[in-house]
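Input: a single structure, listed below in structure tokens.
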Amino acid sequence: MRDLDDATLIAALDGQRRAVLGKVAGIDRATAEARRTESGTTIAGVLHHLVVVERDWFGHLFAGGPDLYGDLEDDFAPPADLTLDDLERDYRA
């Protein structure tokens, strides 16, 4: 595997974020929380998972910061008080 510089990694990540945010743009909370798979996965859950994983991987594993999330077993279940706007804003951050 070749080494990537920070700018390349950030550009790729930004592209992925734009793609995900483009897919969730304009949907309402009911759609985001609808369970349409056997696993019960929701759009809001996937978005929350992406926020948690990015922060954990980049903040903790790569940058050496604290492990903010510990056990990621529930990362597909966003807290009920988070709105879809909150999740989108967190993902952009």
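Output the residues belonging to segment 1-41 that are in a loop (DSSP other than H, G, I, E, B) and open to solvent by less than 40 Å² (accessible area, probe 1.4 Å).
A34, G40
May I ask you to list the residues in segment 42-65 that are at pLDDT 90 or above, open to solvent by 50 Å² or more (accessible area, probe 1.4 Å) and over 9 Å from the mean Cα position of the chain (by Cα)?
The one that is at pLDDT 90 or above, open to solvent by 50 Å² or more (accessible area, probe 1.4 Å) and over 9 Å from the mean Cα position of the chain (by Cα): I43.
The values are calculated or read from the model by the stated rules, or taken from the named source; none is laboratory data. Please read all numbers here as calculations on a predicted model, not as lab measurements. Each accessible area value is taken on the protein alone, full model and side chains, heavy atoms only, with ligands, DNA and RNA left out. Shrake-Rupley method; radii C 1.70, N 1.55, O 1.52, S 1.80 Å.
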